[in-house]
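Asks: Take this structure, written in structure tokens, and hold onto it; I'll ask about it next.
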Amino acid sequence: MICWQKNGITDPAGTLKKNIRAASLQLELASPELANDVRHGMAILQEARSQFVAKVHGWFDQDHDRVSARFLPSRRASSLLLPLWLSRLRCNWILLPW
């Protein structure tokens with residue numbers, strides 16, 4: 001048995017071709033201002049409700065939060081220190097006698 005069948009998706013091709021694409025088109029008609037990836041994600045969540053989709057979304061959200069938390073301090077430090085360093089470099093260039 002394939003992993004998506006174990007987790008509640010019995011007909012993956014039918015789910016993709018019929019349900020998800022149709023829901024994506026309905027969302028586009030209802031809310032054309034939404035971005036394509038947002039519509040597609042909403043269609044997947046609506047039409048492919050299963051343990052498989054829940055696990056994939058949970059895994060992605062958890063990893064995204066972990067990566068964001070890890071790189072946030074370094075991003076803040078670099079956005080603070082880089083302008084200070086560049087301004088000091090510029091001041092040194094101004095003070096050089098030509």
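Asks: Within segment 20-27, is even one residue surrounded by 15 or more Cβ atoms within 10 Å (Cβ to Cβ), in a loop (DSSP other than H, G, I, E, B) and at pLDDT below 85?
Replies: No, segment 20-27 contains no residue that is surrounded by 15 or more Cβ atoms within 10 Å (Cβ to Cβ), in a loop (DSSP other than H, G, I, E, B) and at pLDDT below 85.
Asks: Would a scan of segment 61-72 turn up a residue that is surrounded by 12 or more Cβ atoms within 10 Å (Cβ to Cβ) and hydrophobic (A, V, I, L, M, F, W, C)?
Replies: No, every residue in segment 61-72 fails to be surrounded by 12 or more Cβ atoms within 10 Å (Cβ to Cβ) and hydrophobic (A, V, I, L, M, F, W, C).
The values are calculated or read from the model by the stated rules, or taken from the named source; none is laboratory data. From a predicted model like this one, the values you see are computed outputs, not experimental measurements. Counting neighbours? That spans all protein chains shown, and the Cβs are built from the backbone with ideal geometry, glycine included.
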